[in-house]
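Worksheet for the structure shown next.
None of the figures in this text is laboratory data; all of them are computed from the coordinates on show. Computed from a predicted structure; not experimentally measured. Don't worry about glycine lacking a Cβ; one is built from the backbone with ideal geometry, like all the others, and counts go over all protein chains shown.
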Amino acid sequence: QSNVTLYGRVDLSVGNLKDKVKNTSTTQMFQGGEGGLTTSRWGLRGTEDLGGGLKAAFKLENRFNADTGASQDPYFKGESSLSLMGGFGEVKLGRSTTVYDDVRALGQSRDVFDSAFTASSNGVFKSGGDYTSRFDNKISYYSPNMNGFYAGIDYALDEDATKSADQYALKVGYKVKDFEVALAHQNEKGKQDKYTVLAAMYDFGAASVSGSINQRNGNATNGDDTEYAFGVTVPMGAFAFSGGYAYSKTKSSAGGAKNGKGNGFALGMTYSLSKRTRLYAGWRDVEVKNAAGKKTKDERLYAVGVRHDF
Amino acid sequence: QSNVTLYGRVDLSVGNLKDKVKNTSTTQMFQGGEGGLTTSRWGLRGTEDLGGGLKAAFKLENRFNADTGASQDPYFKGESSLSLMGGFGEVKLGRSTTVYDDVRALGQSRDVFDSAFTASSNGVFKSGGDYTSRFDNKISYYSPNMNGFYAGIDYALDEDATKSADQYALKVGYKVKDFEVALAHQNEKGKQDKYTVLAAMYDFGAASVSGSINQRNGNATNGDDTEYAFGVTVPMGAFAFSGGYAYSKTKSSAGGAKNGKGNGFALGMTYSLSKRTRLYAGWRDVEVKNAAGKKTKDERLYAVGVRHDF
Amino acid sequence: QSNVTLYGRVDLSVGNLKDKVKNTSTTQMFQGGEGGLTTSRWGLRGTEDLGGGLKAAFKLENRFNADTGASQDPYFKGESSLSLMGGFGEVKLGRSTTVYDDVRALGQSRDVFDSAFTASSNGVFKSGGDYTSRFDNKISYYSPNMNGFYAGIDYALDEDATKSADQYALKVGYKVKDFEVALAHQNEKGKQDKYTVLAAMYDFGAASVSGSINQRNGNATNGDDTEYAFGVTVPMGAFAFSGGYAYSKTKSSAGGAKNGKGNGFALGMTYSLSKRTRLYAGWRDVEVKNAAGKKTKDERLYAVGVRHDF
C-alpha cells in the first residue's frame, strides 16, 4: 500500500488529580491528553509526487480516549486536510491547527513536553482555555523556508450568510540550527477575542529552553490576559528531565474588578524504551486566584504512563 | 497486508452558494458532496480467492466531511457489505447502493460528473431528493455479463414484526464497448413511492453523452414526477469539460393543483494533475416553481476545488 | 507498514427470530452478534520488540453492525489497550475483556461457537445479561504459563471522587495439550453483584466438549443465580457440528418469591470455504420462567450466514 500510511499513538497513564478547592482526590487512568504526554490518535496520511516539484498530500487524524475506547468529536478532530506543495510553499485546505497554535506549541515545547503536564495547562493561561487550536473550513498558506525565515496564514470561512465571523491567524518566524523564534496573531471574530504570542526555543545541547509571552485582548467584560511561560529540558542518555513554569494575569477594564492571577509549575521525566515507546512520569501544580485573591482553582496532578507510536 | 486494501478520497472546494429566494449568498468550503465532485471517504476492501472460481469480497466505506473532519452517519454509510462471487454472478449482503441508484448514476455520468454540480441536484428532481440510494439489511443478486446483458435485484428486510415494509429494486441493462443502456425500478413500501428510470450512455470518443428519463409514482397527495436529464463531456488532454441539463414536472391528481416544475443547468471542468489528483471548477443553477408558478427554489452554486484519491 | 496490522471480520446472516410470548416472528438480516457467529469488527494492532525479552503491544478494535454500517459505541468497544510483555508476564492498560469473561468464554467455547447461538444467550443466564464483559480504565496483569498454570487479575478504576466503586476480576487456570480448566471471580462494586465461574474444555479429537458452572451473588432484591452450561463440537472435514444446553435458576431471599428458571438449547453447523471464510447455520431456543412459573421469555432463533476474516 504505497499511497497511504496508517499511523498512530496510544498513550495511557495512571495517576492522581487532587482538587484542593473542592478537597477531592481522584485516582484515574488518563487517556493522554488529560493526564499524560499526548492524546491518543490514529490516522491516515500520504503524499503524491505530481512532477515538476509539485506534491499533493492529505492527512486524516482521529483522536480517541484510550482508557475507554471512545472517539473524540469530530471524528477527524486532529486533522482533516488536503495540501498542494511546491517551491511556492504549501496551500492546505480543511481542518488543521492554526499557525497561532503552532507558535504557542513552540513556546512550550520544552515545558514538560507540551502535554497535560504543561505548566500553563488547566486555567493558568486563560487563553489556553478559550482559544481555538484548530479551525474548520480553513484555507492556509505556508511559505517555504527563506534563509531561515518563514511565514504562514490561516483563513477560515464562517459559512454563515447572516453574519461576518470569518477567523484568521498569521505567523512569522525564523529558524536556524537549534534556535527558533516566532510571532503569531489569531483573530476569532465569532467571540471578539484576539490572541498574540511571541515564542522562542534554543537547544544548547546539554539542555534546551523555550519560552513565550502571550497576550489575549478581549472586551470590557472578559478582560485581557498577559501570560508568560518558560521551560527547560535536559536529556541524559535514554532519560529526559523537564521543568516548566507559567504565570498569567487578567485585567478587566470593567471596574477593574477582574484582576485574576494564575500560575503553574510542572516537572516531568521520560525514559525511552525504544524510538517508538517511552515510559514517563509527570507532575503539575496549578493555582488560579480571582481579583479578590480567592483561589478559584488549586489543582495537583501526577501520573506515570507509557506512550507507544505506530 | 495482502488481505485488505485501505483506500479513500479527500475532496475539498471553495465557492459560493447563492439563494435567490431568500436573497442570501454564502462563501463556503465544501466537503465534496455538497459543492464539489464527490463526498470524501475512506474504506477497507478485499477479496479472497476460494478456489473453483468462487471468491469472497468485502467493502466497508466511511463517508466524512473533509472541511470539518466530521464523520457522516451511519459510520460505514458508503457501504458495509460481504459478497460471494462466481460464474453464477454475485450475491451481496449488507448495506450498499441499490440497483436503481446504479442506473440513475449511469444516466447522469456525463452530467458534470454525477456530483454536487449535477443539473438534477437539489430539488430539480423530486425523486432525487426522496428516493433511498442505499438499503440496509439488503440481499442482492447481480447476474454475470451475458453477451452484454446484465440484471440485478435488491431485497431489503424491514425487520419489523408489526408491518410489512420490505423494499426492493430491479435492473436490467445492456453494455457493449462504449454504449450502455439500462432500466431500473425501485419500490420503497415504507413510503408508497415507486421509482422507474431508463438511462443510457454513449462514448463517441471526441465526446460522450448520457441521458435518462425518471418516473416517480406516488400517491394522490405527493403526486407523480416525470424527469429528464441530459449531459455531455468533452475530454481535451488533461482537461475535461462537461455540461448538463435537467427538467422535471410534478403532477398531482388531488385537484390537479400541484403541477410544480423544476429545471437545472450545470457546467464543469476538471484538470488532471495525475491519475489520483485533479483540480476542478463547477457551476450549477437550479430553479423550482410550484403549481402557482411561484419560485420555491432559485439557487446558484459555483466552486473550485481539488480531489485526491489514495 | 511493519508497525501496524489492519484486520477485521464481517459476519452477516439472514434468519428468523420468533417471540412466542409476544407471538411475533421477524425475518431479519443479523449483524453477527445478534444472530450470527460473532460481531463484525475491524481493528489495528501491533507489537514492538524492545530488546531484552521485552515487548510493547497495542490493540484498537471497533465493533460495528455490518447490516446497516453503524458503529457500536464506544468507538473502540472491542478493545483499546497498550501492553508491556516479558518473562514476567503481561501488564495491560486500557479497555479490554475481563479475565472473568475469558473463563466464561472457555466454558462455552464448544457451545455453538460462543455466538448468538450460544444456549445461555438472551436471558437464560441472568449473569449473561448483566455482568460487564469489558472494563474501562483497567490495569491487568497476566502471568506467564508456569508448567501449565496461569493466573490473571484486572483492576479497574472508578475515577469517581465521591464514591468507591473500583471493579476487579481474578482468574487461575491450568492448560495442557487439549485440556483446560479455569476458575474466575468478578466483583463489580458499582452494582454489588459478584460473579464466579468454573469452566473446563477437553478436546478428544473426534469431538471436543466444554462446560461451566456460574454463580452470581447479588443482594436480597435481585437474588442469586446458579447456572450450568454444556457444549460439544464434532469436526467432520470442512464441517463442524455443535450442540449446547444451558440451565439457570434464580433464588431470592426476599420472601423467596423470585425463584425464576431459564433454559436454552442450541444447534449449529459451520462449513469452511477457506481458513478465512465460512458458511454457517444455527438454531437457538430459550425459555425463561418467573417464580410463578409464567414464561417471561420464549424465543426461537435460526439463521444462515457467512463470516469472512481479513
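Across region A:94-109, in residue order, what do the Karplus-derived ³J(HN,Hα) couplings come to in whole Hz, using 6.51 cos²θ - 1.76 cosθ + 1.60 with θ = phi - 60° and x for Gly and Pro?
Those phi angles translate into x, 9, 6, 5, 7, 5, 5, 5, 4, 6, 4, 5, 4, x, 10, 5 Hz.
Defining the label point at 7 Å along Cα→Cβ, can you sort the distances from residue A:163 to the same site in each other copy, shortest first, in nm?
4.1, 4.1
For peptide C:5-13, how many partner chain Cβ atoms fall within 10 Å of a residue's Cβ, on average? Write down the numbers at each step before the final one.
Working: counts 5, 9, 4, 6, 2, 13, 2, 10, 1.
Mean partner shielding for this stretch: 6.
What aspartates and glutamates could a cross-link reach from residue A:175, if we take a straight Cα to Cα line under 18 Å and drop same-chain neighbours fewer than 8 places away?
Reachable aspartates and glutamates: A:90, A:101, A:102, A:203.
Given 0.36 nm per residue, what is the gain on full extension from residue B:161 to residue B:73 after removing their alpha carbon distance, in nm? Could you put the intermediate results ahead of the total?
Working: separation 88, 0.36 × 88 = 31.68 nm, distance 2.53 nm.
Result: 29.2 nm gained on full extension.
I want to make sure I understand the PRE zone here: with the label point 7 angstrom from the Cα of residue C:239 toward its beta carbon, which residues in region C:270-296 have backbone N atoms less than 17 Å away?
Inside the label zone: C:270-274, C:278-283.
Going down the list B:55/B:77; A:138/B:18; B:191/C:22; A:171/A:295; B:92/B:194, which pairs span over 30 Å between their C-alpha atoms? List each step's numbers first, then the result.
Numbers: B:55/B:77 24 Å; A:138/B:18 20 Å; B:191/C:22 27 Å; A:171/A:295 35 Å; B:92/B:194 23 Å.
Exceeds cut-off: A:171/A:295.
Take B:296, A:162, A:196 and order them by how many other Cβ atoms sit within 10 Å, fewest up front. Walk me through the intermediate numbers first.
Working: B:296 13, A:162 8, A:196 18.
Ranked by crowding around the Cβ, least crowded first: A:162, B:296, A:196.
How much FRET efficiency would the formula 1/(1 + (r/R0)^6) give for residue C:54 and residue A:192, where r is the Cβ-Cβ distance and R0 is 41 Å, rounded to 0.05? Intermediate values should be presented prior to the final figure.
On the way: r = 53 Å, r/R0 = 1.30.
After rounding, the FRET efficiency stands at 0.15.
What average count of beta carbons from other chains do you get within 10 Å of the Cβ of residues in A:24-36?
Details: counts 3, 1, 6, 7, 6, 10, 2, 3, 0, 0, 0, 0, 0.
The mean count of partner-chain Cβ atoms within 10 Å per residue comes to 3.
Mind checking the full-extension length gain between residue B:206 and residue B:141? Use 0.36 nm per residue of separation minus the Cα-Cα distance, one decimal, nm. Write out the running numbers ahead of the final one.
On the way: separation 65, 0.36 × 65 = 23.40 nm, distance 3.54 nm.
Length gained between residue B:206 and residue B:141: 19.9 nm.
Determine the shape class of region B:43-121: with a ≥ b ≥ c the square roots of the Cα gyration tensor eigenvalues, call it rounded for a/c under 1.5, and otherwise prolate if a/b is greater than b/c, oblate otherwise. Display every interim value, and only then the final one.
Values: a/c = 2.87, a/b = 1.47, b/c = 1.94.
Verdict is oblate for region B:43-121.
Over region A:34-78, one equal point on each Cα, no solvent: what is log10 I(q)/I(0) by the Debye formula at q = 0.28, 0.29 Å⁻¹?
After summing over all Cα pairs, the log10 values are -0.97, -1.01.
Return B:42, A:283 ranked ascending by Cβ neighbour count within 10 Å, so the fewest neighbours appear first. Intermediate values should be presented prior to the final figure.
Working: B:42 21, A:283 17.
Final ranking by Cβ density, sparse to dense: A:283, B:42.
Using a 10 Å cut-off on Cβ atoms, rank the peptides C:217-224, C:137-144 from the highest mean neighbour count down. Each step should come with its number before you reach the end.
Details: C:217-224: 16.1, C:137-144: 19.1.
Taking the mean over residues of other Cβ atoms within 10 Å, the ranking is C:137-144, C:217-224.
Can you list which of the chymotrypsin sites (Phe, Trp or Tyr not before Pro) found in region C:186-232 are DSSP loop residues with at most 16 other C-beta atoms within 10 Å?
Of the chymotrypsin sites (Phe, Trp or Tyr not before Pro), the ones in loops of region C:186-232 whose Cβ has at most 16 other Cβ atoms within 10 Å are C:204.
Would you please state which residues of region B:38-58 a label at residue B:88 would reach in this model, taking the label point 7 Å out along Cα→Cβ and a backbone N cut-off of under 16 Å?
B:50-57
Which ordering of A:288, A:234 is given by a fewest-first count of other beta-carbon atoms within 10 Å?
A:234, A:288
Arrange the peptides C:271-279, A:63-71, C:17-25 so that the one whose residues have, on average, the most other Cβ atoms within 10 Å appears first.
Details: C:271-279: 16.7, A:63-71: 24.8, C:17-25: 13.8.
So the order, starting with the most tightly packed, is A:63-71, C:271-279, C:17-25.
Over the Cα atoms of region B:14-309, what is the Rg over Rh ratio if Rh follows Kirkwood? Write down the numbers at each step before the final one.
Working: Rg = 19.8 Å, Rh = 20.4 Å.
Computed over Cα atoms, the ratio is 0.97.
So what is Rg over Rh here for the protein assembly as shown, counting just Cα atoms and using Kirkwood for Rh? Don't skip to the answer; put the middle values down first.
Details: Rg = 31.1 Å, Rh = 31.3 Å.
That ratio equals 0.99.
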